[in-house]
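The values are calculated or read from the model by the stated rules, or taken from the named source; none is laboratory data. Just so it is clear, the model here is predicted, and its values are computed rather than measured. Cβ: placed from backbone, ideal geometry, glycine included. Neighbour counts: every protein chain shown.
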Amino acid sequence: QMVLDYLKTGEAYQVEMIRENDKYYIHVAIEETIPETYTSYNGLYGVDTNPDGLGIASLDYLGQFRGHMWMSQGEWTYARSNRRLNLIGEQAKLLVNMAQESGKGLAVEDLDFKQDKDVSAKFNRMSHGFVWSKFLEAVERKALRDGVPLIKVKPTFTSVIGILKYQHQYGSSNHESAAYVIGRRALGYDYEKVPWSLVDEFVKDKDGFSYINNWKQWSAMKKVILKSLKKKGVKSLVSWQHLRKSA
C-alpha cells in the first residue's frame, strides 16, 4: 500500500527487473519521508534480546525503575524463514508502537559490540544469531519510520550488573534486570556502583578494588562470585538470587 500511495504522487522511483529460474522479479525502490524524532520523551524502554524472548524494563527520564515485562518469543528459534521474519516484524512493530504511545524512547544492544569478549559469550548462546540481528534491525527501521528515539548501547556486563545489583531489588528476572541496565546506560548512567554489601563480603583488598575502573570491578566481582557458586555445583550467575544468602 505504501508503494501504491507513492506512485499516486507522480514522484520518481526506481525499477529493477531480475530474471531467475525462468521467472521475472520486479524490485521497486521509492524514497520514504522520515518524520522528525521527538526529542522530549518520558523515559525509555530498555530491551534485552534473548533466544526465547525479550526482557523489557520501563524507566522514567531520571533512570528510575517503573516496571518490567517479559515477551516470550520461543517460536523464533524453530519457525520457518518466512514465518520467522513475519514474527520479527510483528514484534518490532509492537515494541515501537508501545514506546510511541507512552512517549518513551527505546534502548537496545548495539550489534557493533557483539564480538566484545563479554558480549560474544551471550551472542554464541543465541541459537540463531540471525534472529537477534534481524530483530534489532527491524526495531531500528520501524523506530526511524515512526519518529521514535532509539539509542544503542554497549551491552557489556549488563546481565551481570542486572543480576547482582537490581534483580532482587525490583523482583525482576535476570533478562528484565539486564534491560533496566541497558536503559540506564542509554540515559547516561554508565557508572554502576558495585553494592557495598558485595564488596564487603567478597573483596579482600577493598582499597585496591576502589582504584580499578568500574567495568574491571564488575569483572572481578563476577569471577569471585562464580568461584563461590561453583563450590555448590552452580556454574551460572542466573542462580545467584536463590543462593546469594548462602554463597
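The table below gives the values:
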quantity: Any hit, the range 78-85, residues being touching an Asp or Glu at 6+ places or on another chain (Cβ under 7 Å), assigned to a helix (DSSP H, G or I) and assigned by TED's automatic domain parsing to the domain that holds GLN167; calculated: no
quantity: Some residue of the range 51-64 being closer than 12 Å to GLY105 by Cα and either of a type in the set (Lys, Arg) or surrounded by fewer than 10 Cβ atoms within 10 Å (Cβ to Cβ) (or both); calculated: no
quantity: Given (1) of a type in the set (Phe, Trp, Tyr); (2) outside the structural domain of THR158 (by TED's automatic domain parsing); (3) in contact (Cβ under 8 Å) with a residue 12 or more places away in the chain, number of the condition TYR24 does not satisfy; calculated: (3)
quantity: Residue under evaluation ARG19, criteria (1) among the basic types (Lys, Arg); (2) touching a residue at least 24 places away in the same chain (Cβ under 8 Å); (3) not assigned by TED's automatic domain parsing to the domain that holds ALA179, criterion not met; calculated: (2)
quantity: Residue in the range 72-79 that is over 30 Å from GLU36 (Cα atoms) and in contact (Cβ under 8 Å) with a residue 40 or more places away in the chain present; calculated: yes
quantity: Some residue of the range 119-129 being surrounded by 15 or more Cβ atoms within 10 Å (Cβ to Cβ) and at pLDDT 95 or above; calculated: no
quantity: Sole exception among (1) part of a loop (DSSP other than H, G, I, E, B); (2) on the phi > 0 side of the Ramachandran plot for GLU11, by number; calculated: (2)
quantity: Residue within the range 94-106 that is surrounded by 14 or more Cβ atoms within 10 Å (Cβ to Cβ) and assigned to a strand (DSSP E or B) present; calculated: yes
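Every residue, every condition in (1) at pLDDT 90 or above; (2) touching a Phe, Trp or Tyr at 6+ places or on another chain (Cβ under 7 Å); (3) over 29 Å from LEU237 (Cα atoms), yes or no:
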{"position": "GLY10", "(1), (2), (3)": "no, no, yes"}
{"position": "ILE26", "(1), (2), (3)": "yes, no, yes"}
{"position": "LEU62", "(1), (2), (3)": "yes, no, no"}
{"position": "GLU101", "(1), (2), (3)": "yes, no, yes"}
{"position": "ASP112", "(1), (2), (3)": "no, no, no"}
